[in-house]
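Written out below as structure tokens is the structure these notes cover.
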Amino acid sequence: MDKKFKIEFDEANVQQSVAYILVSEFDLRPNVLKAEIEGDGSGIMILSLEGDEAKLKAAEERLRQEGFVIKEMVMRISRDADLCWNCGACVSICPVYSFSHDKDTWELLLDNSKCISCGSCVNACSVHALSLHL
Ligand code: SF4
Ligand code: SF4
């Protein structure tokens, strides 16, 4: 099972290693997709976690006990192939490289497992071919 989470931290728990807890205590495989830290030590981290569902649940609780705010991200991007004209605007704006082009047909390809639901591609598409949904 693979799920994506947004984790918020502050100066009180910034020193805690989220990845260490997830790997050593729950045998999960984390992949950090995005991380931002402010000058005061607060920030956010978006990561995908792969592993057993019961362990994912337990890990969520464990991180909450450490003071992290953790939310599962369940939004997905969908593309209307009839509207899309493969212009590439979404390819260049996506911060986590969810889009690519088929090297033979040049058709747009989308890997939703990478998406962090930022919405940038939706706003960038001039023909409204992309949408975020649950
Ligand atoms: S921006 Fe819109 S039209 Fe352009 S490739 Fe992406 S989905 Fe297709
Ligand atoms: S919402 Fe669009 S731009 Fe943002 S991460 Fe997902 S695919 Fe990329």
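The values are calculated or read from the model by the stated rules, or taken from the named source; none is laboratory data. These numbers come from a predicted model, not from an experiment. Virtual Cβ from ideal backbone geometry, glycine too; neighbours counted across all protein chains shown.
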- [ ] Return the total of residues in segment 24-46 being of a type outside the set (S, T, N, Q), part of a helix (DSSP H, G or I) and loosely packed, with under 15 Cβ neighbours inside 10 Å.
- [x] 1
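This table checks each residue for (1) within 11 Å of ligand 2 (Cβ to nearest atom); (2) at pLDDT 95 or above; (3) within 20 Å of Leu49 (Cα to Cα); (4) in a loop (DSSP other than H, G, I, E, B).
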{"site": "Cys84", "(1), (2), (3), (4)": "no, yes, no, yes"}
{"site": "Cys90", "(1), (2), (3), (4)": "yes, yes, no, no"}
{"site": "Thr105", "(1), (2), (3), (4)": "no, no, no, yes"}
{"site": "Ser113", "(1), (2), (3), (4)": "yes, no, yes, yes"}
{"site": "Ser117", "(1), (2), (3), (4)": "yes, no, yes, yes"}
{"site": "Cys121", "(1), (2), (3), (4)": "yes, yes, no, no"}
{"site": "Val127", "(1), (2), (3), (4)": "no, yes, no, yes"}
- [ ] Please give the number of the condition Arg76 fails out of (1) more than 10 Å from ligand 2 (Cβ to nearest atom); (2) touching a Cys at 6+ places or on another chain (Cβ under 9 Å); (3) basic (Lys, Arg).
- [x] (1)
Open item on the list: Only one of Val91, Val96, Val32 is in contact with a Leu (Cβ under 6 Å, 6 or more places away or on another chain) and either in the same structural domain as Leu110 (by TED's automatic domain parsing) or polar (S, T, N, Q) (or both). Can you tell me which?
Closed with: Val96
TODO: Run Glu50 past the list (1) surrounded by fewer than 16 Cβ atoms within 10 Å (Cβ to Cβ); (2) without any contact (Cβ under 8 Å) to a residue 40 or more places away in the chain; (3) under 18 Å from the mean Cα position of the chain (by Cα) and report the number of the one that doesn't hold.
DONE: (2)
Task: Selected residue (criterion: surrounded by the most Cβ atoms within 10 Å (Cβ to Cβ)) from residues of segment 94-103 that are near ligand 1 (Cβ under 10 Å from one of its atoms) and in a strand (DSSP E or B) - done: Phe99
